[in-house]
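K.L.:
Below is a structure I'd like to ask you about.
Quick note: the coordinates plus some simple rules give every number you see, no bench work behind them. Keep in mind that what you see is a predicted model, and the values were worked out from it rather than measured. For neighbour counting, all protein chains shown are included, and Cβ atoms are generated from backbone atoms with ideal geometry for every residue, glycine included.
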Amino acid sequence: MVISFEVDEVNRCLEEGLIQSPNHSWQNSLELIATLDEIRQDIGLSYPGEHQHNDEEVHDHHHEHNHHHKH
């Protein structure tokens, strides 16, 4: 099961004091979510209570978030 590999990787990173996996970066995650959002938009799938936003808002939020964490 794929999820067990993800859990193992998180545990490994925590044990090594890493805040990001070298095997799957935050940028990878953002790109995956953007792709999935694009697919959902193309097929008209949305979830109740979901806020519709544009790419600029996502970039601004990510930019603000990065200022709060030291790398």
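K.L.:
How far is it, in nm, from the label point at I19 to the one at R40 when both lie 7 Å from their Cα along the line to the Cβ?
P.N.:
Spacing of the two 7 Å Cα→Cβ label points: 2.7 nm.
K.L.:
Could you work out how much longer the chain between D8 and L30 gets when fully extended? Use 0.36 nm per residue separation minus the Cα distance between them, nm to one decimal.
P.N.:
5.8 nm
K.L.:
Tabulate in residue order the Karplus-calculated ³J(HN,Hα) for the stretch 14-23, using 6.51 cos²θ - 1.76 cosθ + 1.60 with θ = phi - 60°, rounded to whole Hz; enter x for Gly and Pro.
P.N.:
For the stretch 14-23, the Karplus curve yields 4, 4, 8, x, 7, 9, 8, 6, x, 8 Hz.
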